[in-house]
């Protein structure tokens, strides 16, 4: 399920998002003489009879709407970030949420006519698949790709055992544009660097693509190459190859869960983008 939420100021409408009703309830076990499992509790949606997870009593429930309110109050305090648009996605009957904030006034040109905008991605879950996560990302207008930013840049991750109010989210968000600029500087260098056979092999192994995905990526690469080496390897720069990968993820992920997993792999694969020759 996906929806875009805009108001007159082009900021998100919190009340419009269909956040699931979530409760914490006791857990019992046994067929006849039920016994209370005092060290555990269940996270449930009573409206649809959905049990998201059984967790420790120390688990701190972070509701999706509270996570959204917290991140947006932090963003709004940072005037440098400016206006934004949002996309909210849910998976597993609302058990997982990804909310994207795109700052459309803050574009950076990687090369002439090729601009990207910063994004923040907020993740939260009730089914304990994801902790509370805030990531920086980017959006490329040329082909409407969502771009993955390297692991060394903004990646705030906390399990649900921390006091939500004490999480230092503000510091992370306040440096988001600086971190984004560092990443775009790297992308600009990639436009002048050629993909090597070794890097290609390492990236594809890390991505764990299936046969169909490999074929589609190979075909799209063939349409973007500058030529071929003597041994038939495509001559293509790192920026274009990176965008072929993000194109595949953006347009071919079968679900939110699949896309998040593929983006995680790509962050790991980016370390193989080694400098070769200009």
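The values are calculated or read from the model by the stated rules, or taken from the named source; none is laboratory data. Quick caveat: nothing in here was measured; it's all calculated off a predicted structure. Ideal geometry is used to build each Cβ from the backbone, glycine not excepted, and the neighbour counts take in all protein chains shown.
Structure notes:
- Selection status of residue 260, in a helix (DSSP H, G or I), modelled with pLDDT under 90 and crowded, with 16+ Cβ neighbours inside 10 Å: yes
- Complete set of residues in the range 223-250 that are assigned to a helix (DSSP H, G or I) and in contact with a strand residue (DSSP E or B) (Cβ under 7 Å, 6 or more places away or on another chain): 239, 243, 246, 247, 250
- Selection within the range 3-39 - modelled with pLDDT under 50 and surrounded by 10 or more Cβ atoms within 10 Å (Cβ to Cβ): 3, 4, 5, 6, 7, 10, 11, 12, 13, 14, 16
- Condition broken by residue 214, with the remaining ones in (1) in contact (Cβ under 8 Å) with a residue 40 or more places away in the chain; (2) under 21 Å from residue 267 (Cα atoms); (3) more than 21 Å from the chain's Cα centre (by Cα) satisfied: (1)
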